[in-house]
Structure formats: C-alpha cells, structure tokens
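Chemist: If you scroll down you'll find the structure; I have some questions about it.
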Amino acid sequence: MKLKSYGMPTLIETSTLPECAKLCADLGLEFIELNMNLPQYQLNKIDVDYFNSIADKYGIYYTIHLDENLNISDFNPYIAEAYTKTVTNTIEIAKQLDIKVLNMHMAKGVYFTLPDRKVYLFSEYKEQYLKSIVAFRNMCESAIGENDIKICIENCDGYEDFQKEAIELLLESNVFALTFDVGHNHGIGGTDEEFVMQHKDRLHHIHLHDAQGRKNHLALGTGEMDIKKYINLANEQNCRIVLETKTIDGLKQSVEWLKGYYNEQILEKS
C-alpha cells in the first residue's frame, strides 16, 4: 500500500541517504524529511545531482527540517547573519531539488531568571525582535519568488506571546505556513493547539507521532492520543504528514497501524 502524502524523518539508524531512501520506498512512504542538524545533510554536503539521482531511483522526494538551533533574530548580528544566510542558501537548494517544504522552529532566545519569573529577551526587546522577523520575512519572499516553496513554522514546547506575534507577522506572507507537531502539543497539555487552529487555513505540514503523558515520538497506536482526529485534520487541510518516530521499529509500527486504519476505512465505505 502506497501511503500518499506520508513521509519519514531522517533516522540515526539510517546513516546514509540510500539507506534512508530504500527504507522509505520499502514502507510505501513518499518522502524523506532531511534533517539539517545531521552532518551528512549540511549545505556543503548536499550534492544536488546525487540527491536527485537517489530520489529518482527510489521514487521518493524530499522536504527539509532546518537546523533546530536556527535563530535569525539573535542580537549578535554576525550570528543572525549566518543563520539567515543558511536559510537563503537552503532555499536555493530547495529549488534545485524541487523541495516544497522547509520546516522551521521558532527560537525563544535567551532568558533571564528573576526571583519570580523568566524574562525572555525577545519579549523585553520586542520591537527589535519583531523588526528582525519582518526583515526575515521579506528576505524569504524575495529568495523564494514565484517558486512553490513554503517555510512551515513548527510548534515545540509551548508558544510564548512574542512568538505568536512573530508568527502572525510571518503568516502575512504566502511563503510561510504552519507545521503542527501533534505529539509536542500533547506533551505540554495541548496549549499550542488553540493557536494552530486559529490559523488552520495556513496549516500545511504535520509531524505525527503518538504520546503518553510528556513522552512523545512514540509509534502510532502505542500511546494515548486520538491519532485519527489529526489524520482527519491533515486530510481536511491537504497536509503532508511526517511519521516522526525516532527508530526504524517505531516507523514500521506506525506504517502498520496506518495500513490497518485505512483498511478499516475501506471496509466501512464498502
């Protein structure tokens, strides 16, 4: 069974691209989310002709997960410039590899711990922070141009108010969209879901995994989440779905669970 619009993350157990691509094809998945935290998926390691040849050989395609350390609003201009250049160079690679989605975390930045609370510097110096966000948005619009590429902002461990403001500024541009990581959301008590659903029309990408309490990235069907609810949401919004488990066994379990789910759907309709 080919699982249309479903993909897999790059796993530690698949250290080479061909290993990863073969697993992806064998499981009936359509794409790999290349993780730019790994050394083999750094910009200087991506040979476009080679990556395209592997995609053609196994009948798969790619999305990209940008480096989780990415902080385009760092107050140190040299650091911010390096991260910004990383994004623009990744956009150029995406054009050559026909990649439609770049997944991105929103950095919270540094905070000071006071006796009664945390103070995030991006909140304290919010005008400067939001100015950098607008500049980044405009730069990405220019770099992407008319190409069909979306930079999808992923929820992680609970959005702060200043992050919500920043995301809403980014969403003023059509080149930005949202990734909904449903396991991360579950692990923090569902607090990001309201914000995501307020912008449901901009939901473009989903990281799907099960969770039990604060433990997530579990194989589908092994936790306590209502997975079917999020599959329905993905279908409604025409999202790609990454089965974001961290092991080959977890990925295989998730694929088997999905096959059972879709077989049930076929039986119900017959």
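Since every read-out is calculated from the coordinates, none of them should be taken as a lab result. Everything quoted here is computed from the prediction, not taken from an experiment. Positions of Cβ are generated from backbone atoms using ideal geometry, with glycine treated the same way; all protein chains shown enter the neighbour counts.
Chemist: For THR113, THR63, what ranking results if the residue with the fewest other Cβ atoms within 10 Å of its Cβ goes first?
Modeler: Working: THR113 8, THR63 23.
Ordered by Cβ neighbours within 10 Å, fewest first: THR113, THR63.
Chemist: Run the numbers for LYS57 and LYS252: contour at 0.36 nm per residue of separation, minus the present Cα-Cα distance, in nm.
Modeler: Going from the current span to full extension adds 68.0 nm.
Chemist: Mind listing the phi-derived Karplus ³J(HN,Hα) values for region 146-162, rounded to whole Hz, using 6.51, -1.76 and 1.60 with θ = phi - 60°, and x for any glycine or proline?
Modeler: 8, 6, 8, 10, 10, 9, 9, 8, 9, 6, 10, 10, x, 6, 7, 4, 5
Chemist: Please sort by residue number the trypsin sites (Lys or Arg not before Pro) in region 1-40 whose DSSP state is loop and whose Cβ has at most 13 other Cβ atoms within 10 Å. Please list the in-between numbers first.
Modeler: Values: sites: LYS2, LYS4, LYS22; in loops: LYS2, LYS4.
Of the trypsin sites (Lys or Arg not before Pro), the ones in loops of region 1-40 whose Cβ has at most 13 other Cβ atoms within 10 Å are LYS2, LYS4.
Chemist: Can you tell me what share of the DSSP beta bridges in the chain is antiparallel? A percent to the nearest 5 is fine. Numbers along the way, then the final one.
Modeler: Numbers: 5 of 34 bridges.
For the chain, the DSSP antiparallel bridge percentage is about 15.
Chemist: Positive end of the charge dipole of the chain (Lys, Arg +1 and Asp, Glu -1 on Cβ, about the Cα centre): tell me which of LEU218, SER73, MET36 has its Cα farthest that way.
Modeler: Checking the options against the dipole of the chain, the answer is LEU218.
Chemist: Separation between the ASN69 and ILE188 pseudo-spin-labels, each 7 Å from Cα along Cα→Cβ, expressed in nm?
Modeler: 2.2 nm
Chemist: Pairing the Cα long axis of helix 227-237 with the longest principal axis of the chain, what angle in degrees results, from 0 to 90 and rounded to the nearest 10?
Modeler: On a 0 to 90 degree scale, this one is about 70.
Chemist: Further question on the same structure: Quick one: Cα centre-to-centre distance for region 143-214 and region 47-63, in angstrom?
Modeler: Each part's Cα centre sits 27 Å from the other's.
Chemist: For a quick check: with amide H placed at 1.01 Å from N, whose amide H comes under 5 Å from GLU154's, ignoring anything fewer than 5 positions away on the same chain?
Modeler: It is MET104, HIS105, MET106, THR179, by chain and number.
Chemist: Here's another thing I want to ask about it. Once you've got the GNM for the chain with C-alpha springs shorter than 10 Å, pick whichever of LYS100, LYS85, LYS150 has the biggest mean-square fluctuation.
Modeler: LYS85
Chemist: How about region 83-120: which chymotrypsin sites (Phe, Trp or Tyr not before Pro) there are in a DSSP loop, with at most 15 other Cβ atoms within 10 Å of their Cβ?
Modeler: Details: sites: TYR83, TYR111, PHE112, TYR120; in loops: none.
Counting only loop positions with at most 15 other Cβ atoms within 10 Å, none of the chymotrypsin sites (Phe, Trp or Tyr not before Pro) in region 83-120 qualifies.
Chemist: List the aspartates and glutamates whose Cα lies under 12 Å from the Cα of LYS4, skipping any in the same chain that are fewer than 8 positions away.
Modeler: GLU30
Chemist: If you put +1 on each Lys and Arg Cβ and -1 on each Asp and Glu Cβ, how big is the dipole of the chain around its Cα centre, in Debye rounded to 20? Mind dumping the intermediate values first?
Modeler: Values: 27 positive and 41 negative charges, 58 e Å.
Computed about the Cα centre, the dipole is about 280 debye.
Chemist: Counting only helical runs of four or more DSSP H residues, what would the 222 nm mean residue ellipticity of the chain come to if each run contributes -39,500 (n - 2.57) and the total is spread over all its residues? Show your work: numbers first, answer last.
Modeler: Numbers: 10 runs with 120 residues, N = 270.
Rounded to the nearest 500, the figure is -14000 deg cm²/dmol.
Chemist: Figure the gain on full extension for VAL134 and ASN263 (residue separation times 0.36 nm, minus the Cα-Cα span) and round it to one decimal in nm.
Modeler: Roughly 41.8 nm would be gained on extension.
Chemist: Still on this structure, please answer the following. Between THR16 and GLU168, what length comes free when the chain is fully extended (0.36 nm per residue of separation minus the Cα-Cα distance, one decimal in nm)?
Modeler: On the way: separation 152, 0.36 × 152 = 54.72 nm, distance 3.72 nm.
Here the answer is 51.0 nm.
Chemist: Still on this structure, please answer the following. Just name one of HIS205, TYR62, ILE93: the one whose Cα is farthest towards the positive end of the charge dipole of the chain (beta-carbon charges, Lys/Arg +1, Asp/Glu -1).
Modeler: The listed residue farthest towards the positive side: TYR62.
Chemist: Here's a follow-up. With θ set to phi - 60° and the Karplus curve 6.51 cos²θ - 1.76 cosθ + 1.60, what are the ³J(HN,Hα) couplings of region 216-224 in order, to the nearest whole Hz, using x for Gly and Pro?
Modeler: 10, 6, 7, 4, 4, x, 10, x, 10
Chemist: Something else about it: What FRET efficiency comes out for ALA25 versus GLU236 if R0 is 30 angstrom and r is the Cβ-Cβ distance? Round to the nearest 0.05. Mind showing how you got there, number by number?
Modeler: Details: r = 28 Å, r/R0 = 0.92.
About 0.60, to the nearest 0.05.
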